[in-house]
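Worksheet: the structure to be examined is printed underneath.
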Amino acid sequence: SICDENTHAIYRLVRMLEAQAFVARSRNKAGYVAGANLIALAATVMRRINIREIARPFMERIRDITLETTSLHVAQSHMRITVDAVEGKHPIRRAVEIGNALPLYASPGGKALLAFSSAREIDEVLEIAKRHRRDVAMIEADLRKIKRAGYFSAIGDRTPDLGALAVPILSNLGPIAVVTVSGPANRWNLKTIEKCRDAVIQECAMLSAKL
């Protein structure tokens, strides 16, 4: 029958994709998940996308909502790299240097990226933090908090008297980037962050969808 022919065709296609590592059998339940080659292909495509160009209008809207400096960061080799920034509108504002690199465990943006990374990468970064004599238990607590909430807000997490809101830009394969809004804590405090949080998260969700 036509139904049987379609079933066999789909079966042959799935087997072909499995043989080429584009899909793999799920270990936890019946069915298939993305294979290694599909993940590698997706990563290659993401590297070719000009994230800065696509993210800039969203970052400018976030800056206009919060009036604070808004920056874009990506993860590379266990580091958080700053790739773009839009300056805040206040005379006294947070200055962010393009190209600045920090360990993923060492900043709100880095932690927001790390929280949604693979278990292997998290373990590797925590091991680095341990060697640098950082409070690994506190970092793990922050990662659990971020995973539950979907964002990270903090005062003085890396720099004293600096408030920050970090929202990851996510795909089905993990974090693509993170948007961080930062400013002096006497103005960009937890109360102010909470007022702007939902609007910032909405912009980041639209950016995730666009990417």
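Couple of notes before you dig in:
- Using 0.36 nm per residue and subtracting the Cα-Cα separation, the extra length available between Gln202 and Arg133 on full extension is 21.2 nm.
- Whole-number accessible area per residue in Å² for the chain, which is evaluated in the context of all protein chains at 1.4 Å: 59 Å²
- Distance from segment 92-135 to segment 149-211 (C-alpha centre basis), Å: 15 Å
- Expected 222 nm ellipticity per residue - DSSP helices of 4 or more, -39500 (n - 2.57), all of the chain, to 500: -16000 deg cm²/dmol
- The chain: relative contact order in percent, alpha carbon pairs under 8 Å with at least 6 residues between: 18 percent
- Long-range tail of P(r) for the chain (Cα pairs > 20 Å, %): 61 percent
- Loop-exposed trypsin sites (Lys or Arg not before Pro) per DSSP, neighbour cap 12 Cβ within 10 angstrom, longest uninterrupted part of the chain: 134-211
- Counted as membrane-span-like here are DSSP H helices of the chain whose alpha-carbon atoms extend 24 Å or more along the helix's own axis and whose Kyte-Doolittle mean is -1.0 or above; these are 2-19, 190-210.
- Each label was represented as a point 7 Å from its Cα along the Cα-to-Cβ direction; for Arg148 and Arg187 these points are 3.2 nm apart.
- Non-local lysine pairs in the chain, meaning eight or more places apart or on different chains, with alpha-carbon distances under 29 Å, amount to 21.
- For segment 130-211, fraction of C-alpha pairs farther apart than 14 Å, in %: 67 percent
- Take the convex hull of the alpha carbons in segment 78-189; its mean projected area over all directions comes to 7.0 nm².
- FRET E, pair Ala101, Glu194, Förster distance 30 Å, beta-carbon r, rounded to 0.05: 0.50
The values are calculated or read from the model by the stated rules, or taken from the named source; none is laboratory data. These numbers were taken from a predicted model, which means no experiment stands behind them. Reconstructed Cβ throughout: ideal geometry from the backbone, glycine too, with neighbour counts over all protein chains shown. Ligands, DNA and RNA are stripped out before the accessible areas are found, and what is left, the full protein with its side chains, is counted by its heavy atoms. Shrake-Rupley method; radii C 1.70, N 1.55, O 1.52, S 1.80 Å.
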